[in-house]
Amino acid sequence: MVDTLIVGGGTAGCVLAARLSEDPNHSVRLVEAGPVSIDAAQLLDATRMPIGPESTVVWRYPVDLAASVVGNIVRGRVIGGSGAINGGYFVRATAADFTAWSKELDGAASWSFDAVLPAYRRLERDHDYGDRPGHGTTGPIPVRRTADPTPLSREFASACAALGLASIPDLNALPGAAPAEGYGPVPCNVEHGRRVDTGTAYLAPALARPNLTVTGAMVVTRIRFDGTRAVGVDYLHEGRAGTLAADHIVLCAGAIESAALLLRSGIGDPRQLRALDIPVLHPAPVGAWFSDHPEIGIEYRSAAALASGAGIPLEYVLELDDVEIRPYAVSFTPYIHRLGVALMRPRSEGVLRLRSADPVDAPLIDFRYLSAATDRIRLREAVTIALEVLHGIPILRAPESIPEPTDAWLHANLATSQHLSGTCRMGGADDERAVVDERCRVHGTTGLSVVDLSVVPVPLSRGPKATTVMIAERVSEYLT
């Protein structure tokens, strides 16, 4: 038996494994469904995302984005998780996000911005602003803004400036140290052109520790309990079934798989579990209210001069309160580029539930995007602003103005930012929407925690990578 068994070697799992194993008297085992070692070349190049149909390091899920709008999403299935395959965007959540988070905990200060700032500082090695207040210089994750943006990114920044929008040199600056809205270079976890995920930055340096064991290609199928105490997990590994025992089990499998594992283990809506012949261990709203960032895609043609260069996928963004406008620097079709218009604090909430009790079957994921009228109104406004920016770049062949996009147009151009969170929301024991407490312990059980993007109880105004690392850093203090 080990002291701590971590299920999932993604962004959060690698951080926890490294931090908890710093104590030589604390035994840690990390199990990952994907491979531990692969040809690293496909993961290191920060200008590419290995998520195409040929990729062997992703989970693939069919999803419903909105009424009559279907899609597919991917998640990393490899050490480092989705952080090993994404675009390298590494922007902190805002102070307002943590104010909203604290309200979900009845005003408790444990997840206020001031409370989480030390963890943000501890995780980063900011090469541009490390000497500024609120930043870190010695953390495992390198943070840089592009020093030589592609022509497209430069033209986007110029168009924003021409519209009188403010420049934000450091999107991770402390509250009040930079404009609340404006455009700026994206902080990225990239060094020397290489993507640096937590598998590389945290786990790899810890692998020689005798108290840390890492196993790949191991799929955990359910959690075992003695009464309501978690005592182990069942797994499949290389065609064989087995059981692992542990004093404490931590799910770090991501917002989809952590939720699915709780449901398969009897923690969820009793009516839905019984319909699948799953014995109910504890009633909980697992998967009942998740959040993600809906994104409207605007395609436009660019001249060869702007299309040249190989940058990271997203070098600049425009932040306008609850909207993020993203001029993707990569082209998926020659001379065709995409401007993403993402709603960062949507009112619409999704639902995740099991398709069957079989762990091979992917869960049903219904985003329910645009179901809230306020989301549709805000996205229409944001598209109008995005088109104004595009038309400020004369060399582009931007699409014709869409003065008032209809609901049908929004649905036709709808996509997702793939930032799914909140399937195992944090909250008090009397909160009917909560699955875990403020220390990420699963309500109604002992010896079981969830530590990943599942627990975030509010939509985040920025992409989640940096915040996921922060969550793991912070919770590691509670688990030692």
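So the values come out like this:
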{"read-out": "Residue match in segment 274-282 (condition: buried (at least 24 other Cβ atoms within 10 Å of the Cβ), under 22 Å from Y61 (Cα atoms) and modelled with pLDDT of 95 or more)", "value": "no"}
{"read-out": "In segment 223-266, the residues that are polar (S, T, N, Q) and more than 23 Å from L420 (Cβ to Cβ)", "value": "T228, T243"}
{"read-out": "Condition check for A429: part of a loop (DSSP other than H, G, I, E, B), under 30 Å from I267 (Cα atoms) and at pLDDT 95 or above", "value": "no"}
{"read-out": "Subset of segment 433-454 [over 18 Å from L30 (Cα atoms) and in contact with a Cys (Cβ under 8 Å, 6 or more places away or on another chain)]", "value": "V435, V436, V442, S454"}
{"read-out": "Pairs, first without any contact (Cβ under 8 Å) to a residue 24 or more places away in the chain in segment 170-194, second among the β-branched types (V, I, T), C-beta under 8 Å, six or more apart", "value": "A178/I168; P179/I168"}
{"read-out": "Output for segment 5-39, where each listed residue is among the aliphatic types (A, V, I, L, M) and either assigned to a strand (DSSP E or B) or within 17 Å of A208 (Cα to Cα) (or both)", "value": "L5, I6, V7, V15, L16, A17, A18, L20, V28, L30, V31, V36"}
{"read-out": "Neighbours by Cβ (under 7 Å, 6+ apart or cross-chain): first from segment 437-448, in contact (Cβ under 8 Å) with a residue 24 or more places away in the chain; second among the hydroxyl-bearing types (S, T, Y) and assigned to a loop (DSSP other than H, G, I, E, B)", "value": "G444/T228; T445/T228; T446/T228"}
{"read-out": "I51 free of Cβ contacts under 8 Å to residues at least 40 places away in the same chain and either more than 17 Å from the chain's Cα centre (by Cα) or in a loop (DSSP other than H, G, I, E, B) (or both)", "value": "yes"}
{"read-out": "The one condition in (1) β-branched (V, I, T); (2) surrounded by fewer than 18 Cβ atoms within 10 Å (Cβ to Cβ); (3) not in a loop (DSSP other than H, G, I, E, B) that I73 fails to fulfil", "value": "(2)"}
{"read-out": "Among residues of segment 307-354, those that are part of a loop (DSSP other than H, G, I, E, B), at pLDDT below 90, surrounded by fewer than 23 Cβ atoms within 10 Å (Cβ to Cβ) and out of contact with any strand residue (DSSP E or B) (no Cβ under 6 Å at 6 or more places or on another chain), counted", "value": "7"}
{"read-out": "Cβ-Cβ under 6 Å pairs, at least 6 apart or on other chains, segment 144-156 side within 16 Å of D128 (Cβ to Cβ), far side surrounded by fewer than 21 Cβ atoms within 10 Å (Cβ to Cβ)", "value": "R144/H127; R145/D128"}
{"read-out": "Test result for D269, surrounded by fewer than 18 Cβ atoms within 10 Å (Cβ to Cβ), of a type in the set (D, E, K, R), in contact (Cβ under 8 Å) with a residue 40 or more places away in the chain and in contact with a strand residue (DSSP E or B) (Cβ under 9 Å, 6 or more places away or on another chain)", "value": "no"}
{"read-out": "Filter result for the condition that a residue is under 18 Å from the mean Cα position of the chain (by Cα), crowded, with 24+ Cβ neighbours inside 10 Å and at pLDDT 95 or above, over S417, S461, S421", "value": "S421"}
{"read-out": "Extreme residue, farthest from the chain's Cα centre (by Cα), among residues of segment 355-397 that are assigned to a helix (DSSP H, G or I) and free of Cβ contacts under 8 Å to residues at least 60 places away in the same chain", "value": "T384"}
{"read-out": "Residues that are within 13 Å of V435 (Cβ to Cβ) and surrounded by 20 or more Cβ atoms within 10 Å (Cβ to Cβ), drawn from segment 286-301", "value": "V286, G287, A288, F290"}
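This table checks each residue for (1) over 30 Å from S302 (Cα atoms); (2) at pLDDT below 95; (3) in a loop (DSSP other than H, G, I, E, B).
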residue	(1), (2), (3)
P149	no, yes, yes
D170	no, no, yes
T221	yes, no, no
V231	yes, no, no
D234	yes, no, no
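The values are calculated or read from the model by the stated rules, or taken from the named source; none is laboratory data. For clarity, every value in this text was computed on a predicted model and none was experimentally measured. Don't worry about glycine lacking a Cβ; one is built from the backbone with ideal geometry, like all the others, and counts go over all protein chains shown.
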